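A short write-up of the structure that comes next.
Throughout, read-outs are computed from the coordinates displayed, never taken from laboratory work. Here the structure is a predicted model, which means the values were calculated and not measured. Counting neighbours? That spans all protein chains shown, and the Cβs are built from the backbone with ideal geometry, glycine included.
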Amino acid sequence: MSINSETSLYCLVGNPVSKSLSPDIHNKVFELEDINSIYMTFNIKSEELKSFMSSIKTLNIKGVNVTIPHKIDIIKYLDEVDEYAAKLNAVNTIKNENGKLKGYNTDGLGFIKALKDRNIELKEKKCLVIGAGGASRAICHILASNKIKQLTIANRTKEKAVKLKEELKVFYKDIIIKTYDYNSAEIYTENNDIYINTTNVGMYPNEEQSPIEVEKIKNKAVFYDVVYKPLQTKFLKDAKLNKHETIQGIEMLLNQALESQRIWNDVELEAKEYEALKKEIIKRAK
Ligand code: ATR
């Protein structure tokens, strides 16, 4: 790749950003799609956010990804926010259109893409989401907006699950929403169609842990882990052993980045390119 006077700049803003795989993903996409752009990371403290935002316009940075801790605070500096990001009150993608900054959130779309790719229908389904943090919120909103029948949120701190339920109820009135303590016995008797881990239980270096006892679930279901290090978590290994369908967190990671690329550059990777990207990122994630 040659960098020249025509090269456009994209970046990730957050604190910390040093371990992020976003530069690896986006720079590979630029290479695959022959887009003359580079993607960098900027470690920005909260008190520096305002001046960073004005530099997006000054430097004509074409697109920005936003991560912890700026996803909410950044909204006040945007000219426009898309409907889903406004509902979530969290932005992870900004597009600079001739100096006008519009905010989006691709976390939910990135999550749902792997289900859609497998033709897994969401309408009328029962879903269990383990965890009630930032990732869980984006996932619960997108599941609810896809008209599932029932959503159960199980969290270590039950009050946080209850708070998330109250927030969801404002937007999605027709869905049954239940909340449990995350080791509650009811988790195993509800026969959910999809089980999603959004906590970091099972993440490297605690690879021997699983957020629930998968072998106790007797109905056939889909198991989806947001954790991508290791690629195959204990949660997913146990699900596979029990003949359930499984989806790895790396797919959500890649797809939320590709949704940003769709917003910025109308990028649509072919299957062969997607596989090349996935292989490369798996190598770097290890
Ligand atoms: P993220 O943005 O990745 O979702 P987060 O907002 O910090 O991160 O949320 C982390 C989630 O993982 C929370 O639901 C947290 O549970 P608490 O609300 O009780 O803190 C959950 N979590 C983290 N470590 C956990 C553990 N060891 N066991 C169970 N749940 C855990």
Q: Within 10 Å of each residue's Cβ, count the other Cβ atoms and sort D79, D266 from fewest upward.
A: D266, D79
Q: Could you calculate the FRET efficiency of F42 with K272 from 1/(1 + (r/R0)^6), where r is the beta carbon distance between them and R0 is 35 Å, rounded to 0.05?
A: 0.60
Q. Placing +1 at every Lys and Arg Cβ and -1 at every Asp and Glu Cβ, with all other atoms neutral, what dipole size does the chain have around its Cα centre, in debye to the nearest 20?
A. 680
Q: Using just the alpha carbons, could you tell me how many Å³ per residue the convex hull of segment 55-172 encloses?
A: 113
(Q) Sort 158-171, 17-30, 190-203 by packing, meaning the average of other beta carbons within 10 Å per residue, with the highest value first. (A) 190-203, 17-30, 158-171
Q | Per-peptide average of other Cβ atoms within 10 Å, ordering 84-92, 105-113 highest first | A | 105-113, 84-92
Q) With charges set only on the Cβ (+1 for Lys and Arg, -1 for Asp and Glu), what does the dipole of segment 134-208 come to about its Cα centre, in debye to the nearest 20? A) 400
Q: Would you please give the residues with an amide H less than 5 Å from that of L12, counting only those at least 5 places away or on a separate chain, with H modeled from the backbone geometry?
A: M40, T41, F42, N65
**Q.** Length added when fully stretched, K286-R118, from 0.36 nm per residue minus Cα-Cα
**A.** 57.9 nm
**Q.** Neighbour-limited loop hits for trypsin sites (Lys or Arg not before Pro), segment 223-279 (at most 12 other Cβ within 10 Å; DSSP other than H, G, I, E, B)
**A.** K243
(Q) Output wanted: per-residue J couplings in Hz (rounded whole) for segment 242-259, from phi through Karplus 6.51 cos²θ - 1.76 cosθ + 1.60, θ = phi - 60°, x for Gly and Pro. (A) 8, 6, 8, 7, 10, 10, 8, x, 4, 5, 5, 4, 5, 5, 5, 5, 5, 5
Q | Cα-centred dipole magnitude for segment 123-168, charges only on beta-carbon of K, R (+1) and D, E (-1), debye, nearest 20 | A | 140
Q | Listed residues I142, V214, N183: farthest to the positive end of the dipole of the chain (Cβ charges) | A | N183
Q: Tell me the label-point distance for the pair E245, E207, using the 7 Å Cα-to-Cβ offset, in nm and rounded to one decimal.
A: 2.7
(Q) If I model a spin label as a point 7 Å beyond the Cα along the Cα-Cβ vector, how far apart are those points for K76 and S18 in nm? (A) 2.9
**Q.** Farthest toward positive dipole pole in the chain [+1 Lys/Arg, -1 Asp/Glu at C-beta], among Q261, C127, A90
**A.** C127
Q) If the viscosity is 1.306 mPa s and the temperature 10 °C, what Stokes-Einstein diffusion coefficient in µm²/s follows for the chain when Rh is the Kirkwood radius over Cα pairs? A) 81
Q | Amide proton proximity set for E245, modelled H, under 5 Å, gap of 5+ | A | A221, F223
Q) Between T58 and K279, what is the label-to-label distance in nm when each label sits 7 Å out along the Cα-to-Cβ direction? A) 4.3
Q. Between T157 and A185, what length in nm is gained on full extension when 0.36 nm per residue of separation is reduced by their alpha carbon distance?
A. 8.5 nm
**Q.** Within the chain, helix-based [θ] at 222 nm, where runs of 4 or more DSSP H residues each add -39,500 (n - 2.57), nearest 500
**A.** -11500 deg cm²/dmol
Q) If amide H atoms are built 1.01 Å from N in the plane of the peptide, which residues on other chains or at least 5 residues away come under 5 Å of the amide H of T106? A) N92, T93
